[in-house]
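Taking it in order: structure first as structure tokens, then the write-up.
The values are calculated or read from the model by the stated rules, or taken from the named source; none is laboratory data. These numbers come from a predicted model, not from an experiment. Heads up, the Cβs are rebuilt from the backbone with ideal geometry, glycines too, and the neighbour counts pull from every protein chain shown. When the accessible area is computed, the model is the full protein with side chains, heavy atoms only, and any ligands, DNA or RNA have been set aside. Shrake-Rupley method; radii C 1.70, N 1.55, O 1.52, S 1.80 Å.
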Amino acid sequence: MASKFIASTLEDYRKLYKESTVDPEKFWHEFATEEFIWKRKWNTVLQYDLLKPEIRWFEGAQLNITENCLDRHISELGNKTAIIWEPNNPDESTLHITYKELLSNVNRAANMLKSLGAKKGDRICLYMPMIPELAYAVLACARIGAIHSVVFAGFSAKSLADRINDAQCNIVLTADGGFRGSKVTPLKDIADEALSSCPSVQKCVVVRRTESAVNWHSQRDVWWHEEFAKASDTCEAETMDAEDMLFILYTSGSTGKPKGMVHTCGGYMVWTNFTFRNVFQYKPEDIYWCTADVGWITGHSYILYGPLSAGATTLMFEGIPSYPDMGRFWEVVEKHRVNIFYTAPTAIRSLEASDRSFADSHDLSTLKTLGTVGEPINLEAWEWYDEVIGKKHCPIVDTWWQTETGGIMISSLAGVTPDKPTFATYPMPGVQPAIMDEQGTEVLENPAEGRLCIKFPWPGMARTIYGDHERFRQTYYSTFPGNYFTGDGCKRDENGMYRITGRVDDIVIVSGHNLGTAEIENAINEHPLVNESAVVGYPHDIKGNSIYAFITCIHKPENIETLKREVVDVVSKLIGPIAKPEKIQICTGLPKTRSGKIMRRILRKIASGETDNFGDISTLLNPECVEEIASNRL
Ligand code: WTA
């Protein structure tokens, strides 16, 4: 495992950083050559034009990522546990799946998909709970060169259908139901509803998990356990070009339509492996646990691909932090003697709000590294994590990155580079951040503040938005031409450490989930009584942000409480419960510019508690409504 590309000291980090920026091609050529198996080597390491943008890493190379995550480990690590699976219900048995077993299950699933007609290049949608079959399915797609599109199992039928239709998936995998705490989500029912408007889907594979009764479409539906049992456990890995698509993963955008971010085989593999090993400083005997869901990028990169390509033992947890009680995470840490623990600030804040005895009553002495991801972590939560969980001896890696970046971009390296509370700190080797001012000029001196861009390609970057390259260019490469624009605001201190301050666009992060305000507005506008709506985020103690919806109605509602309930229901139904507004205010008008654009800036201020200081509102079309909205604030 020792490698000169994995820093063990601050000096190593500085040296790697320098090499990766002075001669990036040489750096990635050597890392990729030494650390992976390729079926064929590349002609060029990097070709790019960030204006188009066009980015190609390892052009001409061929590989299969599953050979790097599975086959190559078998001779030495075949009997090592690859995945520890911890069920939702603590009374059900844990599974320890070895690398050998994982390979054979992935092969079976791959052959099952082939027997159902799957081919290289097909898009396959996975709408599944956090069960081992989800891991098998992801890797099985990669094995046969099908492009997986995992949709988080909390999304509604409409959101699922939109994603299936956007990618024209021909196969969907789901389960009869999913356990989440004391609830069962009827995944098959939701999938059935979605599939009624998805003509591209030929087959639906259903895992039996909750034993819930399901409707059956005999032409279309098959049981996983029946097909899986018939399938052989050897399956040759499909030869993929480095730039072939590996997966699509949808993330919210500033227009209503989610963006299908496309990641490719070679660069993504290299980036997730490099960042996993450097940031977490994984050692061969470590038990590593990332609490994310595979439905999000963190689960893709740091439950599956990164850890598995590094031969790690990765824990996959089906449940939620509060079931059966707020001690569940710590019980699992104790039970499996977890060494590296990676979670989100929203989870940390909700655990912090619970009784301290939940943490104190468990043996957390195996922990040596803690991590956080998904949104800025506030100082109080950072300190609680450091003291109550890390007992002040675990480095905390605050990892800043995005669905679009494929893997971690700015973070300390555990125990190797220094931490600073609430700072993501230094860029990973290979990452060249730039802070831009309002005029689009890079701010070079420290301290600095502005918008965060990345000015040079890195292997894990998304290559396009599925089916809409122009939107990709517009969203990420047009604001600061020649640079990737992250959509985040940031500060850099006198020592060059970065602190991410939050989104500067119309995306709100609620409990770590990215939500596009336009998508929520579109859903609310479906209510027959709603005339117009404007959705903004406002600070929330546990969730980080919450959703505040301002609504105007076609005529005066008879019962405001009923209307509010119906609006919440329509959002749940069209997007999913994660997008429900916490506050809904009925207004007689929304502040607009003379060109008719809703002034969300003013509404954001009102939602977060400011009742004056709105700047010059005299140029608004309807300045009088501002005062009314501010005085009726909820
Ligand atoms: C935010 C999650 C501050 C940021 C991997 C980013 C963070 C968005 C951090 C991407 C962090 C993520 N500190 N903010 N450590 N990590 N973010 O696509 O606003 O779900 O743009 O990817 O989360 O969210 P996404």
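Things to note:
- Surface per residue (accessible, 1.4 Å probe) for segment 507-631, Å²: 47 Å²
- For HIS96, net neighbour charge (Lys/Arg +1, Asp/Glu -1) across residues whose Cβ lies under 13 Å away: +2
- Across LYS491/LYS583; LYS368/LYS455; LYS259/LYS564; LYS18/LYS420; LYS335/LYS420; LYS259/LYS573, pairs whose alpha-carbon gap is larger than 24 Å: LYS491/LYS583; LYS368/LYS455; LYS259/LYS564; LYS335/LYS420
- Förster-model FRET efficiency, 35 Å R0, ARG337 and LEU379, C-beta, rounded to 0.05: 0.70
- Label positions at GLN432 and ILE554, each projected 7 Å from the Cα along the C-beta direction, are separated by 5.5 nm.
- Over all other residues within a Cβ to Cβ distance under 9 Å of GLU243, the charged ones net out to -1, with Lys and Arg as +1 and Asp and Glu as -1.
- Spin-label model distance (nm) - GLU442 vs SER354, 7 Å beyond Cα toward Cβ: 4.6 nm
- Heavy-atom accessible surface of GLU11, to the nearest 10 Å², is about 140 Å², with a 1.4 Å probe and all protein chains retained.
- Take the Cα of GLN474, step 7 Å toward its Cβ, do the same at GLU11, and the gap between the two points is 5.2 nm.
- For the chain: rounded, prolate or oblate by the Cα gyration tensor [a/c cutoff 1.5]: rounded
- Whole-angstrom gap from segment 53-69 to segment 321-346, using each part's C-alpha centre: 35 Å
- Summed side-chain charge close to ALA414 - residues other than ALA414 whose Cβ falls under 12 Å, Lys, Arg +1, Asp, Glu -1: 0
- Once the C-beta distance of THR366 and GLU34 is scaled by a Förster radius of 30 Å, the resulting FRET efficiency is 0.45 to the nearest 0.05.
- Cα centroid of segment 600-634 to Cα centroid of segment 483-498, whole Å: 30 Å
- Helical mean residue ellipticity (222 nm; -39500 (n - 2.57) per DSSP H run of 4+; nearest 500) of the chain: -8000 deg cm²/dmol
- Treating r as the C-beta distance of SER218 and LYS183 and R0 as 22 Å, the FRET efficiency rounds to 0.15.
- Placing +1 on each Lys and Arg Cβ and -1 on each Asp and Glu Cβ, with no other charges, gives the chain a dipole about its Cα centre of roughly 860 debye.
- Full extension of the chain segment joining THR44 with SER254 gains 72.1 nm, where the gain is 0.36 nm per residue of separation less the Cα-Cα distance.
- Surface listing: SER254, SER309 arranged by accessible area from highest to lowest gives SER254, SER309, probe 1.4 Å.
- Lys/Arg +1, Asp/Glu -1 at C-beta; the chain dipole; positive extreme among VAL172, ASN88, ALA310: VAL172
- Restricting segment 261-332 to chymotrypsin sites (Phe, Trp or Tyr not before Pro) in coil, as DSSP defines it, with at most 11 other Cβ within 10 Å: none
- Take ASP506: with every protein chain present and a 1.4 Å probe, its accessible area is about 50 Å².
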